[in-house]
Amino acid sequence: MLLLSLFVFATHFALADEVQDRRAQAGVRLFRSLLAADLDLPKKTTGASLLIVFYYVNDKQRAADLARQFEGAAEKIRGLDVIAEVTNDATFAAYAARVPAAVFLAQPPSRATLQSIIQYGIHNHLIVYSPFEGHVELGVLGGLSVEAQVRPFVNQSTLEASGITLKEFFLKVTKVYR
């Protein structure tokens, strides 16, 4: 019985990780379109490039893989080159002098850390994106909605508080949380 319980327990967490991995993979693709919809994106460059930070909790390799996938799309975003970096510092202290254009959550942080990252995004007028279920409802600016189809998901209050303006067409195809 103990062996069966351990198997079920291990299987549950393996499936949960697999679902999170699939959401993160899909999220990277939608994240690009959300960035492209930001009308002020050209003002958010570091040098001549967009700095995108992938935040992780304890799996640096996972964040690095997502960052490589994001950069590897080899497409500029609205004519701007992209630089992706990874960090597990929720204060983003290393980015005081060069504020990123956006933050992608590669792993779900604790609720307190999530709120801190949301406030960082609002304060610095940048997109915080999470592919994880429930994060948009908690205040993350963007994510994905998995229903009959996968589509962008945006928190209206955080969008307004961040002072970010998105293209009208993008908002028409996006699920908006009010």
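The values are calculated or read from the model by the stated rules, or taken from the named source; none is laboratory data. Quantities reported herein were computed from a predicted structural model and do not represent experimental measurements. Backbone-built Cβ (ideal geometry, glycine too); neighbour counts: all protein chains shown.
Among the residues of the range 22-80, those identified as buried (at least 17 other Cβ atoms within 10 Å of the Cβ) and hydroxyl-bearing (Ser, Thr, Tyr) are 55, 56. Does residue 162 qualify as being under 19 Å from residue 105 (Cα atoms), out of contact with any Lys or Arg (no Cβ under 6 Å at 6 or more places or on another chain) and without any contact (Cβ under 8 Å) to a residue 60 or more places away in the chain? When the stated conditions are applied, residue 162 passes them. Can you confirm whether the range 112-123 contains a residue that is touching a helix residue (DSSP H, G or I) at 6+ places or on another chain (Cβ under 8 Å), β-branched (Val, Ile, Thr) and in contact (Cβ under 8 Å) with a residue 12 or more places away in the chain? Yes: the range 112-123 contains one or more residues that are touching a helix residue (DSSP H, G or I) at 6+ places or on another chain (Cβ under 8 Å), β-branched (Val, Ile, Thr) and in contact (Cβ under 8 Å) with a residue 12 or more places away in the chain. Could you tell me which residue of the range 33-72 is farthest from residue 114 (Cα to Cα), considering only residues that are in a helix (DSSP H, G or I) and of a type in the set (Gly, Ala, Ser)? If we take residues in the range 33-72 being in a helix (DSSP H, G or I) and of a type in the set (Gly, Ala, Ser), then 72 is farthest from residue 114 (Cα to Cα). Every condition in (1) crowded, with 16+ Cβ neighbours inside 10 Å; (2) more than 19 Å from residue 43 (Cβ to Cβ) is met by residue 178 except one, and the failing one is (1).
Okay, residues lined up against (1) at pLDDT 95 or above; (2) surrounded by fewer than 20 Cβ atoms within 10 Å (Cβ to Cβ); (3) touching a Lys or Arg at 6+ places or on another chain (Cβ under 6 Å); (4) of a type outside the set (S, T, N, Q):
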position: 107; (1), (2), (3), (4): yes, yes, no, no
position: 110; (1), (2), (3), (4): yes, yes, no, no
position: 127; (1), (2), (3), (4): yes, no, no, yes
position: 135; (1), (2), (3), (4): yes, no, no, yes
position: 140; (1), (2), (3), (4): yes, no, no, yes
position: 155; (1), (2), (3), (4): yes, no, no, no
position: 158; (1), (2), (3), (4): yes, no, no, no
position: 166; (1), (2), (3), (4): yes, no, no, yes
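Listed by first and then second residue, the pairs linking a residue in the range 17-41 that is under 23 Å from residue 80 (Cβ atoms) to a residue that is among the hydroxyl-bearing types (Ser, Thr, Tyr) and modelled with pLDDT of 95 or more, with Cβ atoms under 8 Å apart and 6 or more places separating them unless they lie on different chains, are 27/129; 27/130; 31/129; 34/129; 38/165; 39/165; 40/165. Among residues of the range 73-95 being outside any strand (DSSP E or B), among the aliphatic types (A, V, I, L, M) and at pLDDT below 95, the one that is farthest from residue 57 (Cα to Cα) is 74. The residues of the range 81-97 that are among the charged types (D, E, K, R) and loosely packed, with under 12 Cβ neighbours inside 10 Å amount to a single one, 89.
On the basis of being of a type in the set (Asp, Glu) and in contact (Cβ under 8 Å) with a residue 60 or more places away in the chain, does residue 133 make the cut? Here the answer is yes, as residue 133 does meet what is asked.
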